[in-house]
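A quick write-up on the structure given underneath.
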Amino acid sequence: DAKTTQPTSMDCAEGRAANLPCNHSTISGNEYVYWYRQIHSQGPQYIIHGLKNNETNEMASLIITEDRKSSTLILPHATLRDTAVYYCIVRVGGNTGKLIFGQGTTLQVKP
Amino acid sequence: DAGITQSPRHKVTETGTPVTLRCHQTENHRYMYWYRQDPGHGLRLIHYSYGVKDTDKGEVSDGYSVSRSKTEDFLLTLESATSSQTSVYFCAISVTATTDTQYFGPGTRLTVL
């Protein structure tokens with residue numbers, strides 16, 4: 001499974017866009033990029049996923065580079081409730097479907 | 001929110017005692033997973049199930065067993081709890097194992113003294 005690299009922590013001002021980068025330079029052609037977040041002591045929450053096209057949903061946008069070696073999660077208007085640990089995960093299809101969580105990025109949204 | 005509950009939510013037990021954690025879903029999803037989360041390790045897969053009575057090991061399965069006799073319930077058992085099994089345990093479910101999203105339960109905080 002491909003490994004991901006994320007910054008340990010980031011700050012963002014409330015109301016501004018939060019851009020969280022992820023490097024996955026060893027990603028294979030059939031591996032999807034998933035983003036989850038975990039708010040303190042809660043279970044991880046799914047945000048978005050993509051294969052090679054950019055994706056957008058009600059929570060966020062996912063921008064994947066053309067070579068698929070990196071991606072960026074964008075929270076367009078961060079709020080204090082978006083303070084959490086954000087995990088970028090590269091997931092292989094197959095029978096297990098297991099998610100391999102790294103250390104993630106701790107996003108602190110400040111007033 | 002996906003209909004996933006975990007019980008108990010908190011448990012303190014002593015070394016050597018058996019412990020069973022329960023994950024219950026109301027979504028009728030085929031796949032269920034048990035993860036543990038520890039500081040410095042993120043979430044790690046313990047066991048997973050791809051159907052009733054069909055289970056397999058994850059990356060940290062030693063010391064744990066699981067059972068799934070009904071679609072809605074996935075049990076995680078620590079036959080003889082050790083202090084190294086003090087952790088937060090999360091259950092997750094998904095419709096399929098390929099690209100489907102996993103939805104997580106609220107977690108069980110287990111302390112083994």
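So, of the residues in the range B:16-33 that are surrounded by fewer than 18 Cβ atoms within 10 Å (Cβ to Cβ) and outside any strand (DSSP E or B), which turns out to be farthest from the other protein chains (Cβ to nearest Cβ)?
B:GLY16
Looking at the range B:34-60, which of the residues that are in a loop (DSSP other than H, G, I, E, B) and within 12 Å of the chain's Cα centre (by Cα) is farthest from B:THR96 (Cα to Cα)?
Filtering the range B:34-60 for residues that are in a loop (DSSP other than H, G, I, E, B) and within 12 Å of the chain's Cα centre (by Cα), the one farthest from B:THR96 (Cα to Cα) comes out as B:VAL60.
Strands (runs of 3 or more DSSP E) wholly in the range A:1-62 with at least 2 residues that are more than 13 Å from chain B (Cβ to nearest Cβ) and surrounded by fewer than 19 Cβ atoms within 10 Å (Cβ to Cβ) - which ones?
Strands (runs of 3 or more DSSP E) meeting the threshold: A:9-13, A:18-23.
If I ask for residues that are open to solvent by 20 Å² or more (accessible area, probe 1.4 Å), over 21 Å from B:PRO39 (Cα atoms) and without any contact (Cβ under 8 Å) to a residue 60 or more places away in the chain, which ones from the range B:72-99 would you list?
Residues satisfying the conditions are B:GLU72, B:LEU75, B:THR77, B:THR98, B:THR99.
In the range B:77-113, which residues are at pLDDT below 95, of a type outside the set (Val, Ile, Thr) and in a strand (DSSP E or B)?
Correct list: B:ALA92, B:SER94, B:TYR103, B:PHE104.
Which of the residues that make up the range B:63-107 are under 22 Å from B:VAL52 (Cβ atoms) and β-branched (Val, Ile, Thr)?
If the condition is that a residue be under 22 Å from B:VAL52 (Cβ atoms) and β-branched (Val, Ile, Thr), then B:VAL66, B:THR71, B:THR77, B:ILE93, B:VAL95, B:THR96, B:THR98, B:THR101 are the ones that fit.
Would you mind telling me which numbered condition in (1) of a type in the set (A, V, I, L, M, F, W, C); (2) in contact with an Asp or Glu (Cβ under 9 Å, 6 or more places away or on another chain); (3) away from chain A (no Cβ under 14 Å) B:VAL88 fails?
Failed condition: (3).
Among the listed residues B:ARG36, B:ARG44, which satisfies the condition of being at the interface with another protein chain (Cβ under 8 Å from one of its Cβ atoms), closer than 16 Å to A:PHE101 by Cα and either surrounded by 15 or more Cβ atoms within 10 Å (Cβ to Cβ) or in contact with a Cys (Cβ under 6 Å, 6 or more places away or on another chain) (or both)?
The match here is B:ARG44.
Just to be sure before I move on: is B:SER69 more than 7 Å from chain A (Cβ to nearest Cβ), part of a strand (DSSP E or B), over 25 Å from A:HIS40 (Cα atoms) and open to solvent by 60 Å² or more (accessible area, probe 1.4 Å) in the structure I sent?
Yes: the conditions hold for B:SER69.
Taking the condition of being open to solvent by 40 Å² or more (accessible area, probe 1.4 Å) and either in a loop (DSSP other than H, G, I, E, B) or modelled with pLDDT under 95 (or both), how many residues in the range B:1-15 meet it?
The total comes to 5.
The values are calculated or read from the model by the stated rules, or taken from the named source; none is laboratory data. Quick caveat: nothing in here was measured; it's all calculated off a predicted structure. Note: ideal-geometry Cβ built from the backbone for every residue, glycine included; neighbour counts use all protein chains shown. The protein model used for the area step is the full one, side chains on, heavy atoms only, and it has no ligands, DNA or RNA in it. Shrake-Rupley method; radii C 1.70, N 1.55, O 1.52, S 1.80 Å.
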